[in-house]
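The values are calculated or read from the model by the stated rules, or taken from the named source; none is laboratory data. No experiment lies behind these values; they were computed from the predicted model shown. Please note: Cβ atoms are built from the backbone with ideal geometry, for glycine as well, and neighbour counts cover all protein chains shown. These area figures cover heavy atoms from the full protein model, side chains too; ligands, DNA and RNA do not enter into them. Shrake-Rupley method; radii C 1.70, N 1.55, O 1.52, S 1.80 Å.
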Amino acid sequence: MSMEQMTLFDCEIPQPLAAKLRPQKLEEYTGQSHLLGKGKVLRRLIENDQVSSMIFWGPPGVGKTTLARIIANRTKSAFIDFSAVTSGIKEIRTVMEQAENNRHFGERTIVFVDEIHRFNKAQQDAFLPYVEKGSIILIGATTENPSFEINSALLSRCKVFVLHALTAQELTVLLNRALKDNRGFGMQPINISPDMIEQIAHFANGDARTALSTLEMVVFNGEIDESGSITVTADTLEQCTSKKSLLYDKKGEEHYNLISALHKSMRNSDPDAAVYWLARMLEAGEDPLYVARRVTRFASEDVGLADPQALEIAVAAYQACHFIGMPECSVHLTQAVVYLSLAPKSNALYMAYEHAKCDAMEQLSEPVPLVIRNAVTDLMKDLDYGKGYQYAHDTKEKLANMQCLPDSLLDKVYYEPTSQGREAEFQKRLASIKQWKKEAREGGQF
């Protein structure tokens with residue numbers, strides 16, 4: 001059973017090559033041998049009709065939807081094809097009611113949701129009770145990392161299968177099959193060299209749909225001789241593959257991979273690599289303000305007081321991006337990225353907070369020492385709030401002999417300055433402060 005929508009004109013629209021060659025059974029499927037090879041878990045589940053709720057996660061054109069359709073062809077369950085692009089909560093509830101009715105008649109229902117990451121939390125939540133009580137088996141397909149895009153409650157009830165980009169060798173097999181299969185160009189004489197097939201396979205970068213679409217384009221633009229034979233020339237291939245889109249998805253895993261690459265290149269004091277990853281993001285359409293925010297974080301997390309000016313430059317770059325936007329602000333981000341790459345590095349501030357956070361979370365009830373409490377009422381004064389408080393500005397050293405940490409954390413050290421850059425000065429200053437307090441304490445001034 002399927003809820004695929006049809007129009008009166010479907011029969012008149014020629015299908016693209018990728019749709020014509022869509023595998024109908026496992027034996028025709030290309031790639032994903034780690035899941036579908038002989039004896040592999042997903043293959044066994046499909047062959048034994050024992051599929052459970054699952055998520056297919058992988059880049060575009062690797063066969064997520066095709067796998068779902070293969071399952072539909074093999075299963076004894078009712079199969080409902082559902083699109084996250086065109087459906088809302090009302091449609092979800094209608095489908096769930098249908099699945100519930102099927103369950104009462106002893107029939108399982110598999111609901112396939114393409115691009116499940118497009119559903120918001122409320123829409124995803126609408127599936128949850130039906131998955132929990134077994135009314136449906138949910139199969140979702142997504143190009144996005146499920147950890148970020150799928151509700152944790154729903155994700156915990158689904159097995160995630162990671163689909164990989166197809167290798168150039170696998171795509172070459174697929175392209176040659178398209179040339180021989182009667183559903184493709186098997187009925188037409190096509191002259192195209194093996195080298196050109198390999199070029200198309202590499203150009204597609206793991207995407208079967210792109211590979212077949214490119215083949216279709218070069219064939220349709222090939223030179224036809226009197227006998228009807230089509231020859232694909234090097235010039236035709238070059239024209240059809242001249243502009244390759246940047247491999248970047250601002251919401252997907254590659255988004256996090258690239259910002260990680262920028263961050264770690266700066267941390268490793270490699271300005272060339274940092275500028276390259278910056279360009280990769282900006283030229284692919286990344287929001288410069290997002291990059292500027294991450295650069296600002298880096299200024300304190302990885303440089304900190306080793307160069308206090310790093311934060312000023314990062315914030316100035318953010319403001320410049322806000323004022324003038326792309327493409328002009330790319331040079332301001334480059335300035336900040338190069339500066340931070342070359343700056344002395346210290347993660348002392350980051351480590352200080354992380355250590356303090358652990359203690360703060362574990363000892364939430366630790367009382368503030370009386371000496372540094374604010375006595376705003378007479379009762380508070382009677383309870384010794386603020387008793388013995390010393391105003392540091394009134395002292396010669398601008399230091400006061402007071403205990404500011406709770407008793408349980410007395411003498412705890414969080415900030416440990418390094419000797420990098422200007423932080424060496426703070427290291428010396430902190431050491432002198434601690435020495436003064438030690439002497440004051442030993443002299444009985446505490």
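A few points about this structure:
- R0 of 60 Å, Cβ-Cβ distance residue 358-residue 220: FRET efficiency to nearest 0.05: 0.45
- Accessible area per residue in Å² at 1.4 Å probe, computed on the chain: 57 Å²
- Dipole of the chain computed with +1 at Lys/Arg Cβ and -1 at Asp/Glu Cβ about the Cα centre; of 430, 229, 123, farthest Cα towards the positive end is 430.
- For region 305-367 and region 178-230, distance of Cα centres in Å: 51 Å
- Over region 332-403, the pair-distance histogram of Cα-Cα distances with 10 Å bins from zero comes to 16, 21, 28, 18, 13, 4 percent, rounded to whole numbers.
- Take the Cα of residue 173, step 7 Å toward its Cβ, do the same at residue 264, and the gap between the two points is 3.1 nm.
- The orientation-averaged shadow of the Cα convex hull for the chain, equal to a quarter of the hull surface, comes to 34.1 nm².
- Straight-distance candidates among the lysines for linking to residue 121, with alpha-carbon spacing under 27 Å and chain neighbours fewer than 8 residues away dropped: 64, 90, 133, 159, 250, 251.
- Sequence-distant aspartates and glutamates (8 or more away, or on other chains) whose Cα lies within less than 15 Å of residue 76: 47, 49, 107
- Once the Cα-Cα distance is subtracted from the 0.36 nm per residue extended length, the residue 148 to residue 94 segment shows a gain of 16.7 nm.
- Annotation: aspartates and glutamates with alpha-carbon distance below 19 angstrom to residue 412 (same-chain offsets under eight excluded): 354, 359, 362, 366, 439, 442.
- Mean separation of Cα contacts under 8 Å, 6 or more apart, over the residue count of region 304-446: relative contact order %: 28 percent
- The chain: angle of helix 121-132 to the longest principal axis, Cα-based, in degrees nearest 10: 70 degrees
- Each residue, residue 412 and residue 389, gets one label point 7 Å from its Cα in the Cβ direction; the gap between the two is 2.3 nm.
- Largest-first principal axis extents of the Cα set of region 221-352 (Å): 77, 29, 24
- Mean Cα-pair separation over length for region 356-419, i.e. relative contact order, pairs under 8 Å, 6 or more apart, %: 32 percent
- Three-way shape label, region 183-245, alpha-carbon gyration tensor, a/c 1.5: prolate
- Solvent exposure, largest accessible area first (probe 1.4 Å, DNA, RNA and ligands not counted), of 142, 334, 30: 334, 30, 142
- Whole-percent carbon and sulfur share, accessible surface of region 266-412, 1.4 Å: 56 percent
- Förster radius 51 Å - calculated FRET efficiency between residue 342 and residue 33 (Cβ-Cβ, nearest 0.05): 0.65
- With DNA, RNA and ligands ignored, accessible area of residue 277 (1.4 Å probe; Å², nearest 10): 60 Å²
- Rough spin-label spacing in nm, given labels placed 7 Å along Cα→Cβ, for residue 366 and residue 378: 3.5 nm
- Nearest-0.05 FRET efficiency for residue 121 and residue 193, computed from C-beta distance (R0 60 Å): 0.70
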